[in-house]
Every structure is written in C-alpha cells, then in structure tokens.
Amino acid sequence: LPQIIKILSSHSTEGISFLSYFLDTMAMAIGFGYSYRFGYPFTSYGETLFITIQNLIVLFALGVLRREMASYSLLFLLFGVFFASLIMPD
C-alpha cells in the first residue's frame, strides 16, 4: 500500500518494471487459484489475493502514468481470463 500511495502522490512510475510486476502478479494469482480450488482455509492463502490486487493497481498505474494503457489492455484482459479460469469450479 505505501508504494501505491507514493506512485499516486508523485505521479511517476520511474524505476518500476512492468514485466517484474506482471510476473509477480501471475505467480501470486497461481498460488491463490491453487489454494482456492483445493479448498484450503482463507487464512493460508488470503495474503496472496491482496498482493495480487495490490500488484494489479500498480500495473494499472504504470499503464496510465506511462500513457501505454492501450498496449497493456490486452495483458489485463488475458490476465482476467487466466484468473477466472483458475477460480472457476470444474
């Protein structure tokens, strides 16, 4: 949360790698999806959900502040489809 506040207050994303945040978000989403689908208690995987949401906010800020939202939109769409497939029941 502090990083989101710094990004929004400074209106700058200098030094933040989109690819590293995207890969971290994917890893967290996979961990969340796995734990959710196998019925683990929320206390064991809840943190990954919140980190995923936080990373998505940072990625969105990267796209908006770098004025590259059009090119990032496809990745957000693909991530949404991927995430939905992780949490959908069989």
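The values are calculated or read from the model by the stated rules, or taken from the named source; none is laboratory data. Note that this is a predicted model, so its numbers are computed, not measured. Quick reminder, even Gly has a Cβ in these numbers, built from the backbone with ideal geometry, and neighbours come from all protein chains shown. Calculation scope for accessible area: heavy atoms of the full protein, side chains included, ligands and nucleic acids excluded. Shrake-Rupley method; radii C 1.70, N 1.55, O 1.52, S 1.80 Å.
For the chain, report the accessible area per residue in Å² (1.4 Å probe, heavy atoms, rounded to an integer).
Working: 5960 Å² over 90 residues.
Each residue of the chain exposes 66 Å² on average to a 1.4 Å probe.
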Residue (of G46, G80, S35) at the positive-pole extreme of the chain, dipole from beta-carbon charges: G80
Under a 1.4 Å probe, counting only protein heavy atoms, S71 has an accessible area in Å², nearest 10, of 70 Å²
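From the P(r) of the chain, could you give the percentage of C-alpha pairs in the tail past 17 Å?
On the way: 2036 of 4005 pairs.
I get 51 percent for the Cα pairs in the chain exceeding 17 Å.
If you filter the chain for GluC sites (Glu not before Pro), then keep DSSP loop positions with at most 12 other Cβ within 10 Å, what is left?
On the way: sites: E14, E47, E68; in loops: E14, E68.
Listed in order of number, the matching sites are E14, E68.
Carbon and sulfur together cover what percent of the accessible area of the chain at a 1.4 Å probe radius?
Working: 4190 of 5960 Å².
Looking at the chain in its full context, I get 70 percent from C and S.
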